[in-house]
Amino acid sequence: MEAKWTSRALSDLARLYEFLAPVNRLAAARTVQSLTTAVSTLQLNPRLGEQLEEFEPREVRRILVGHYEMRYEIQEAGLYVLRLWHTREDR
């Protein structure tokens, strides 16, 4: 299944990197790598994450990658990464 990143998800990824990089550039790069690797895993197992019923009839799911939450949607055309953030963020 093909994975696509929404512009908001890409902005979230850049924001997380920019937040971490001034303190520890290596940790920032590892975080981005783990999040992108998670998307590769989802391509093989798209229903791995917990389904969020509040978005029905859309099939929106979430997974935790370390301390980060990633939301994604499964559609016929592929898997769309919608948003991601640190679990300590006030959402």
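The values are calculated or read from the model by the stated rules, or taken from the named source; none is laboratory data. Here the structure is a predicted model, which is why all the values come from computation and not from measurement. Note: ideal-geometry Cβ built from the backbone for every residue, glycine included; neighbour counts use all protein chains shown. Heavy atoms of the whole protein, side chains included, go into the accessibility calculation; ligands, DNA and RNA do not. Shrake-Rupley method; radii C 1.70, N 1.55, O 1.52, S 1.80 Å.
For the chain, the spread of Cα positions along the three principal axes, ordered from largest to smallest, is 41, 27, 22 Å. With a cut-off of 11 Å between beta carbons, the residues surrounding GLU50 carry a summed charge of +2, where Lys and Arg count +1 and Asp and Glu -1. Between region 11-39 and region 57-72, the C-alpha centres lie 17 angstrom from each other. The gain in end-to-end length when the THR6 to TRP85 segment is fully stretched comes to 27.0 nm, 0.36 nm per residue minus the alpha carbon separation. The residues of the chain expose, per residue, 64 Å² of accessible area to a 1.4 Å probe.
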